[in-house]
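Here, each number is a calculation from the coordinates, and none is a lab measurement. Just so it is clear, the structure is predicted and the values come from calculations on it, not from any experiment. As a convention, Cβ positions derive from the backbone with ideal geometry for all residues, glycine included, and neighbour counts pool all protein chains shown.
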Amino acid sequence: MKIAVSAEGPYLESEVGQRFGTSKYFVIVDKETMSFESMPNPGASSASGSGVQAIVLVIGKKVDTVLTGYCSPTAMGHLTKNGIKIVTGVDGNVYEAVAKYKKSELKNITEVGHKPDSWTGENNRTALAGAFKSSVRQFVNLLPTLAGVVLLIGLLNALMSKELLSLVFSGDAVFDTIWGACFGSIFAGNPVNSYVIGGELLEYGVSLFAVTAVIVAWVTVGLVQIPAEISALGRKFAVVRNIVSFFMAIAVAGVTVLVFNFIRW
Amino acid sequence: MNKKKSKKIPWKKRAIRLILFPVLILMVYGFLFTVMPEKAIAAFKSSGRIFLNIIIPLGFVFILLVVFNLFLNPAHIVKFFGKKSGIKGIMLSSAAGIISMGPVYAWYPLLRELREKGAANSLMAIFINSRAVKPFLLPVMISYFGLRYVIVLTVVTMTGTIVAGYITGVLSRD
């Protein structure tokens, strides 16, 4: 039986984390053998989706019980729905918490199958407020870069001539598409930026093939993110995926524009 | 097992990181204004025009974000990955990629977990690539490229990611 304890550090001696969603670690302890492993909580450091990432992690680890200080009703709903029992109001260090749990000394237990009263007005409001809050955060995270991109395009509009751009995008559909895919591969980040850049490129007369390749490669190929992808998913996978996706971006661009032109009539 | 240090970035540092890029660009503007003021004004006007173009679609983006945050969340996505066999697995990882929000690196820990449990490489690749389809950004995309293009691109991209995912799976097999 596996018990996940939200914790401030990765060890059995670490203090129990007081908030399920934002604790730094989860120490996952085997109730019988007391062997443990610890995982950093991705939600503790990420700007968005904290709380939910903790839920994902805990469900993914197939634990039976969560021990924590506090757990939001939403998180509780998701956990219990996935067959996880939650004990709140836990303090002290991880080892003590598990020991107390084994001796049934912990009281605030929410059993599996507990349904948060999601249809009461109050919870609806909480859910809406929560969604609103994370939307504001995601939106605010997206705006500065977008503003920078727009200002940069303004600069390029004022300083760059069509001739300069046509040095890169010559008008040859095949070459332009490849260039577009290269351009999109280097950059990463919110795709909304690629739409704005793509829209401006179109106004400069760059072909839709190239612009589509930029948009597709922007998300699917990420040279900037390759180190992170390698460390998470392995060198072979990351390299193969990015190379295949590069060619996919070119193919998707070609097919999209051909179909788009075809269905015009 | 996983001894990777948690990188808790204080919000101040994060904020600085976020505004660094626009501030740098503004500094270029400042410099340009001292050398070629008329160019700087033209650049600023041009940026203003782009802002006006995207401001309404961005409003819709915000509304969609709220709706998505309200009704979808990563806990659903785990469920999608739970069953992963044949066509169903492909459809589900594709759907999971489409509705997953936030930067891709936020998803790496989960993907690693799934892979350690034996999720197929092809499904991982489909998930990552499907993130190119962004429902909540559709208003901006449509305002720039038109509805017909967006529909065609979305359908072709979804097909393309499945093909690319399959190829990635075959080539990265150990």
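General remarks:
- Positive-pole candidate from A:MET34, B:LEU58, A:PHE20, dipole of the protein assembly as shown, charges at beta carbon: A:MET34
- Exposed loop sites, defined as GluC sites (Glu not before Pro) outside DSSP H, G, I, E and B with at most 10 other Cβ atoms within 10 Å, are absent from the longest region of chain A, namely A:112-265.
- The dipole here belongs to the protein assembly as shown: it is taken about the Cα centre, uses +1 on the Cβ of Lys and Arg and -1 on the Cβ of Asp and Glu, and is about 620 debye.
- Of A:LYS81/A:LYS103; A:LYS62/B:LYS12; A:LYS61/B:LYS88, pairs whose Cα-Cα distance is over 29 Å: A:LYS62/B:LYS12
- Neighbour-count ranking [beta-carbon atoms within 10 angstrom, fewest first] of B:ARG49, A:ARG241: B:ARG49, A:ARG241
- For A:VAL90, the amide hydrogen comes within under 5 Å of the amide hydrogens of A:THR68, A:GLY69, counting only partners 5 or more places away or on other chains and with H modelled in the peptide plane.
- Here the extension length gained between A:LEU258 and A:LYS31 equals 75.7 nm, from 0.36 nm per residue of separation less the Cα-Cα distance.
- Sequentially through region A:84-97, phi angles give Karplus couplings (6.51, -1.76, 1.60; θ = phi - 60°) of 10, 7, 10, 10, 10, x, 8, 9, x, 9, 4, 4, 4, 4 Hz, Gly and Pro residues having no value and appearing as x.
- Burial ordering of B:TRP11, A:TRP179, B:TRP107, fewest other beta-carbon atoms within 10 Å first: B:TRP11, A:TRP179, B:TRP107
- Region A:1-96: trypsin sites (Lys or Arg not before Pro) falling in loop per DSSP and having at most 14 other Cβ within 10 Å: A:LYS31, A:LYS62
- Distance in nm between pseudo-label sites at B:VAL23 and B:LYS39 (7 Å out along the Cβ direction from Cα): 2.5 nm
- q = 0.09 Å⁻¹, chain A: log10 I(q)/I(0) [Debye, one scatterer per Cα]: -0.61
- Estimated 222 nm signal from helices in the protein assembly as shown, with DSSP H stretches of n ≥ 4 weighted -39500 (n - 2.57), rounded to 500: -21500 deg cm²/dmol
- A:LYS102, A:LYS133 arranged by Cβ crowding within 10 Å, fewest neighbours leading: A:LYS133, A:LYS102
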